[in-house]
1. Look at residue 315 and say whether it is out of contact with any Cys (no Cβ under 7 Å at 6 or more places or on another chain), within 23 Å of residue 98 (Cβ to Cβ) and either assigned to a loop (DSSP other than H, G, I, E, B) or within 16 Å of ligand 2 (Cβ to nearest atom) (or both).
2. Answer yes if at least one residue in the range 226-240 is of a type outside the set (S, T, N, Q), within 12 Å of ligand 2 (Cβ to nearest atom) and farther than 23 Å from residue 92 by Cα, and no otherwise.
3. With (1) farther than 30 Å from residue 1 by Cβ; (2) assigned to a loop (DSSP other than H, G, I, E, B) as the list, and residue 303 as the residue in question, which single condition is left unmet?
4. Given the criteria acidic (Asp, Glu), more than 16 Å from residue 30 (Cβ to Cβ), open to solvent by 50 Å² or more (accessible area, probe 1.4 Å) and outside any loop (DSSP other than H, G, I, E, B), does residue 323 qualify?
5. Which ones in the range 56-97 are closer than 19 Å to residue 110 by Cα, within 16 Å of ligand 3 (Cβ to nearest atom) and more than 20 Å from the chain's Cα centre (by Cα)?
6. Find the residue count for the range 144-182, including only residues that are under 18 Å from the mean Cα position of the chain (by Cα), open to solvent by less than 30 Å² (accessible area, probe 1.4 Å) and more than 23 Å from residue 249 (Cβ to Cβ).
7. Of the conditions (1) in contact with a helix residue (DSSP H, G or I) (Cβ under 7 Å, 6 or more places away or on another chain); (2) among the hydrophobic types (A, V, I, L, M, F, W, C); (3) within 16 Å of ligand 3 (Cβ to nearest atom); (4) open to solvent by 10 Å² or more (accessible area, probe 1.4 Å), residue 224 clears all except one; give me its number.
8. Are any residues in the range 1-43 over 30 Å from residue 285 (Cβ atoms) and under 20 Å from the mean Cα position of the chain (by Cα), and if so, which ones?
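The values are calculated or read from the model by the stated rules, or taken from the named source; none is laboratory data. Remember, it's a predicted structure, so these values are computed and weren't measured experimentally. A quick note on method: Cβ atoms are made from the backbone with ideal geometry, for glycine too, and the neighbour counts reach across all protein chains shown. These accessible areas exclude ligands, DNA and RNA; they are computed on the full protein's heavy atoms, side chains included. Shrake-Rupley method; radii C 1.70, N 1.55, O 1.52, S 1.80 Å.
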Amino acid sequence: MIRHDWTLEEIATLFQLPFPELLYRAQTAHRQYFDGATIQASTLLSIKTGACPEDCKYCSQSGRYATGLEKEKLLQVETVVEAAKAAKAQGSSRFCMGAAWRSPTEKDMPMVLEMVRQVKDLGMETCMTLGMLNEQQAQSLAAAGLDYYNHNLDTSPEYYARVITTRSYDDRLNTLHHVRDAGIKVCAGGIVGMGEERSDRMSLLQQLANLPVHPESVPINRLVPIPGTPLGDTPPMDELEFVRTLAVARILMPASWLRLSAGRESMSDSTQALCFMAGANSLFLGCKLLTTPNAGLGRDQELLQRLGMRLAEAPVSVPLYHDAMASYRQEDARPA
Ligand code: SAM
Ligand code: DTB
Ligand code: SF4
């Protein structure tokens with residue numbers, strides 16, 4: 001059953017289950033909507049790198065920290081299309097373009113919209129992550145045919161101010177509402193391992209699961225510590241607690257694609273296998289995320305082969321999407 005009224009007590013109970021019981025319940029939830037062997041793959045490209053005015057304390061691209069990152073202006077459309085073709089050839093069904101912006105400017109929008117159109121023409125799904133969007137920007141991206149917009153809540157409302165001060169939690173929720181209202185599929189998740197408590201992970205998952213419609217795609221990133229950022233020295237999070245977080249996310253949002261996102265490069269094959277057991281069924285392919293290294297195609301192919309798993313044919317369907325959107329629209333139309 002799809003629920004939007006999860007309490008923190010219920011979520012705490014799930015987190016505290018014996019590990020095999022938690023994984024069993026996550027697998028059971030997973031199999032209601034997905035097969036257990038198919039993985040959706042996206043490839044990332046940073047279309048505008050560095051010099052970001054925001055102060056996200058984990059990020060290599062914030063202009064406020066000396067991370068040694070080389071900044072780049074907005075890429076040309078042709079460069080982006082070439083990268084998308086290569087991603088498709090590697091087996092990715094979706095191409096995700098990210099920009100180090102607080103939000104896109106009106107000047108940037110025409111180029112960005114053209115990128116969506118041309119990547120879509122390759123027969124790939126498109127995703128963008130450009131920072132905050134207003135209603136109009138979300139509508140124009142939808143009109144250009146954008147399939148997904150990624151905008152993460154990042155952490156719990158309680159821990160949030162420790163990580164970002166230049167935009168609020170409500171700003172993030174507003175962007176998600178604009179994206180949803182425009183009819184673009186929502187990709188929203190967060191980062192764990194930033195020194196937060198389990199209660200923060202519970203609260204982040206509660207925020208995501210109690211949205212009016214579950215995000216179709218839920219990326220769970222494990223912090224990639226970036227030297228020079230305030231979180232650069234954060235000790236790695238316990239891997240089993242990371243697996244637990246994925247399992248609880250799977251139970252709360254059983255029909256969403258759950259992405260094992262950043263942080264895979266430093267993870268053993270066995271831990272990744274546990275993540276898939278916990279219900280993760282999506283990942284980023286390729287040797288680079290936005291600015292940091294990723295597992296790489298060779299290692300991923302070998303891993304999937306060893307596990308008897310396979311990449312999804314493009315594009316994947318989203319269970320229950322049409323039902324969820326129909327009831328969302330009805331509620332929208334209801335007088336206040
Ligand atoms: N600038 C846009 C924004 O923040 O809305 C889009 C790009 S931003 C890099 C996308 C997401 O990547 C962040 O919200 C965060 O969840 C994730 N991310 C960034 N740096 C990360 C890191 N070092 N480790 C793990 N996840 C990270
Ligand atoms: C998401 O949740 N993770 C991706 C994507 N959405 C844009 C980004 C991960 C970035 C990891 C750090 C880097 O490579 O800069
Ligand atoms: Fe900028 Fe996005 Fe990095 Fe925050 S996460 S500093 S908004 S690029």
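1. yes
2. There is at least one residue in the range 226-240 that is of a type outside the set (S, T, N, Q), within 12 Å of ligand 2 (Cβ to nearest atom) and farther than 23 Å from residue 92 by Cα.
3. Unmet condition: (2).
4. yes
5. 72, 73, 74, 75
6. 1
7. (1)
8. Correct list: 4 only.
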